[in-house]
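I have placed the structure first, in the form of structure tokens, so that the comments after it can refer back to it.
Every number here is computed from the coordinates shown, using simple stated rules; none is lab data. If you're wondering where the values come from, they're calculated on a predicted model, not measured in any experiment. All Cβ positions, glycine included, derive from the backbone under ideal geometry; neighbour counts span all protein chains shown.
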Amino acid sequence: MTGALGAPILVWFRQDLRLSDNLALAAALKRKSPVIPVYVWAPEEEGAWPPGAASKWWLDRSLADLRAALVQRGSRLIIRRGSSEEALSSLAAETGAAAVFWNRRYEPAAVARDRDVKSKLRARGLLAESFNGSLLFEPGTVRNQSGQPFRVFTAFWRACLAKTVPPPSTDAPKRLPALETWPRSVDLAELGLKPAVDWAAGFREVWHPGESGARSQLKRFLDDAIAGYPVNRDRPGLTGTSRLSPHLHFGEISPGHVWRAVFDRMGGRGVACEAYLRQIVWREFAYHLLYHHPESCCQPLRPEFGSFPWRHDPGLFKAWKRGRTGFPLVDAGMRELWHTGWMHNRVRMVVASFLVKHLLIGWQEGAAWFWDTLVDADLANNTLGWQWVAGCGADAAPYFRIFNPAIQAAKFDPQEDYIRRWVPELRSGGGYPSPVVDHGEARDRALAALASIKRQ
């Protein structure tokens, strides 16, 4: 199954849309053969979680950036749609390719699909190899003393610190060995990723998808925000976070690259360095949990929450989605999400807590809304975040910890910079709705619901 020297190699891009620090691409280049970059659009292979609207907007821009970077290096991006295995097999037959390389994914549907693709490609006599291109440490390589996966973050963090972060693979190549005659490619516009109605103007104001955008965002963070990160990361009115989450999700920059850049800038010491690196490891923790508990994207990890008396209230859910709850910090967050496809992490916790505790609407409904509207919609992070807030996941915040949105606003947006930006009608004194629930009554109702499952 080792192809003849010089036979082309397919490099299957997925959530690794970059040319630097890309292990699959680096492995292909070492073979001194023509490299055929491939992207296969197959949303039906994502199970219950095909890309949402905001993710598709980002993907369109990121693929365009990758395509341009490849053209600059004398190469092309071949785009196909449909079955991944059939597309790759067809391309191999058309081009005489002897191998297919790709970087692994860890979502349940992707794991099953990739296992099937690898098996079928090898059965066709192709060399099919995968690599770790999206995590510092793969699931299964970080375990507790009993050999079991961690369920507590602090212990997981300490175990990761005891390991060595892998060194970078390679810089982006200056040229890619190319074919003399290229196979056909679907035009990017034919994938239908752009919205039919242009609702993404606000996205374009704040985001620059692609590897170059990721590098610029990291530089901005290191130059302007890392020193104040431990405090400013909780202030939604400031640009105090890295805002790298969508770039990491689409693999426009690797977590190893970010880790090394922060570590080197801060000398590997200090509160700011540790505070940010913990966030990188929190992302790792999310992937490890999802890999070992694939049902958690839909079901609570704590089984007693399976009988929690969630309510189905379309009217309240719509008010929450539209930022019309009458609670300024909650509404500011939901409007930021609607306009930019992103929300500050502190506010994500507040709006999620409001949904599952003030309104008693199930976390799965909130997770589905975030999946469709976030440009950084990531199944592992989304699942961990919602289960953490709802109190039903691994190492979760207890359900009885109920955020008071007014207190959260006073503490983390004391000058109301964030609220005044996203809820401007508060300044004009008209048109803002009354609260949809009373905080005290909602808190009592949530605690009663928790007590009901404890009795069971």
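Quick notes on this one:
- Modelled FRET efficiency - R0 25 Å, D372 with T239, Cβ distances, 0.05 increments: 0.50
- Between A410 and E425, the contour length at 0.36 nm per residue exceeds the alpha carbon distance by 3.5 nm.
- Segments 11-23, 317-329 sorted - mean Cβ within 10 Å per residue, highest first: 11-23, 317-329
- Proximal charge balance of D313 [Cβ under 13 Å; K/R count +1, D/E count -1]: +3
- Stretch gain in nm, segment A227-K163, where the contour uses 0.36 nm per residue and the Cα spacing is subtracted: 20.5 nm
- Here's the list of lysines a cross-link from K118 could span, going by alpha-carbon distance under 30 Å and ignoring same-chain residues fewer than 8 apart: K30, K32, K56, K163, K174.
- Electrostatic tally near L384: other residues with Cβ closer than 11 Å to its Cβ, Lys and Arg +1, Asp and Glu -1, net -2.
- Placed amide H near N132: partners under 5 Å, 5+ positions off or other chain: R104
- Note on region 303-455: lysine pairs with Cα distance below 24 Å, sequence gap of 8 or more or different chains, count 5.
- Considering only H358, Y399, N232, the residue lying farthest towards the positive end of the dipole of the chain is N232, judged by Cα position with unit charges set on Cβ.
- Calculated [θ] (222 nm, deg cm²/dmol) that DSSP helices of n ≥ 4 give over the chain, each run adding -39,500 (n - 2.57): -14500 deg cm²/dmol
- Between the alpha-carbon centres of region 314-340 and region 164-228 there is a gap of 30 Å.
- Seen from V271, the other residues with C-beta closer than 15 Å to its C-beta sum to a net charge of +2, counting Lys and Arg as +1 and Asp and Glu as -1.
- The calculated FRET efficiency for the pair C298 and K318, based on their C-beta separation and a Förster distance of 30 Å, comes to about 0.85.
- Ranked by how many other beta carbons lie within 10 Å on average, peptides 95-103, 48-56 from highest: 95-103, 48-56
- Here, P(r) means the percent of Cα pairs in each 10 Å bin from 0 to the largest distance; for region 9-133 it is 12, 47, 35, 6.
- Dipole of the chain, positive direction: furthest Cα of A92, W342, H257, with charges on the beta-carbon: H257
- Among the GluC sites (Glu not before Pro) in region 5-85, none sits in a DSSP loop with a Cβ that has at most 15 other Cβ atoms within 10 Å.
- Beta bridge orientation in the chain: antiparallel %, DSSP, nearest 5: 5
- Take each peptide in 262-271, 202-211, count the other Cβ atoms within 10 Å of every residue, and average; sorted highest first, the result is 202-211, 262-271.
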